[in-house]
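As structure tokens, the structure follows; a few thoughts come after it.
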């Protein structure tokens, strides 16, 4: 009997060691020397590829082979796509955006017939500018949050209604479903000439600035009254924060960190991986997980570029986008625990656990209080203008249909369907 107990204890220790090693591998990132050496020898795009590989496997891939395949693809490609994004390898450890995978998958699955020049790290555009450049034909592919994209393509806002979606699984289930093609993607294609590819992200929280360090945990809308909050340019977010008694101040994402540092704003709204990936957790005292709207960001391809491809290559693009969205969903869960720290089982060395910022997790009842005060149906007068605008573009009752989708998907397990089939 003692021998059995000893054997069980040894097995338990061994399993714990394996789990610990797995977490360390997930947390592995390129050090500064590695980043400099890779950039000098192989270039920025290879750095992004290496950073993503290291974050998921802990191993630097064969970059000679990668660069050679990139060069061969670019020289022999029949279709050449320029892809502008704000994503950078360092931030992508937190974001799990799938953007690097998308570019790589399109090239590999097309056997080099399609090349993708990935212009990351804000080289050619920030979020709204990326959308404008895709719309004007300067770029073929861009990325932006759904809210920032809505400043160029208003219907992008159709999924952003405050207090509508219960959580991350619900919005991703919709984005994977053929219903997203019927009610959302097809409208974006028809109205703006944009092929919506894959999405990454989470639900949006409210991050309170450092002046709230010595204040109690914020768990009610009343405790936010009067606070100046940074919002993206979304009319929906302006309506929502005003209905909570806050003072919304539109700020570009690239200006938000300084705005929080300087006190121009008292708070900001974004999703956890973006806050961690871009250093916002260091200027925040509390992260209040209101989860009031999807913080999701698509990659989008100009329909003019997409339509030039034969059907088999269009299928390659769709399959690559599906893979990227699957990866973004799955890696996002891992990142939320091992890197960001807002997940169900955060590790001790994740960002949320290392910074002084408090992670305020609301109960269903506490979140319901925000819905009672700030939900769309409680403030129909505030939303009448944008409802009319989106209904006219979509040709149907957009809020009504999205509410049906959100209600129908509530509590359901993820179902990674291929939306275009």
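The values are calculated or read from the model by the stated rules, or taken from the named source; none is laboratory data. These numbers come from a predicted model, not from an experiment. Here the Cβ is made from the backbone with ideal geometry for all residues, glycine too, and neighbour counts use every protein chain on show.
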Among the residues of segment 33-65, count how many are in contact (Cβ under 8 Å) with a residue 12 or more places away in the chain, assigned to a helix (DSSP H, G or I) and surrounded by 15 or more Cβ atoms within 10 Å (Cβ to Cβ). 17
For segment 300-382, please list each of the helices (runs of 4 or more DSSP H) lying entirely inside it that holds at least 2 residues being touching a residue at least 40 places away in the same chain (Cβ under 8 Å), within 29 Å of residue 275 (Cα to Cα) and more than 23 Å from the chain's Cα centre (by Cα). 364-374
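Tell me, please, whether a residue that is under 21 Å from residue 418 (Cβ atoms) and modelled with pLDDT of 95 or more can be found in segment 332-346.
The first filter runs over segment 332-346 and keeps only residues under 21 Å from residue 418 (Cβ atoms), leaving 332-333.
From what is left, the residues that are modelled with pLDDT of 95 or more are 332-333.
Yes, the conditions are met somewhere in segment 332-346.
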Okay, strands (runs of 3 or more DSSP E) sitting entirely in segment 110-224 with 1 or more residues that are surrounded by fewer than 24 Cβ atoms within 10 Å (Cβ to Cβ), I get 114-119, 194-203
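I'd like to check which strands (runs of 3 or more DSSP E) are fully inside segment 226-278 and have at least 2 residues that are more than 30 Å from residue 51 (Cα to Cα) and not assigned by TED's automatic domain parsing to the domain that holds residue 29.
Values: elements: 228-231, 247-250, 267-270.
Qualifying strands (runs of 3 or more DSSP E): 228-231, 247-250.
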Candidate set: segment 392-418, residues that are outside any loop (DSSP other than H, G, I, E, B) and surrounded by fewer than 16 Cβ atoms within 10 Å (Cβ to Cβ); chosen: the one farthest from the chain's Cα centre (by Cα): 392
Checking residue 126 against (1) in contact with a helix residue (DSSP H, G or I) (Cβ under 9 Å, 6 or more places away or on another chain); (2) more than 21 Å from residue 342 (Cα to Cα); (3) modelled with pLDDT of 95 or more, which single condition isn't satisfied? (3)
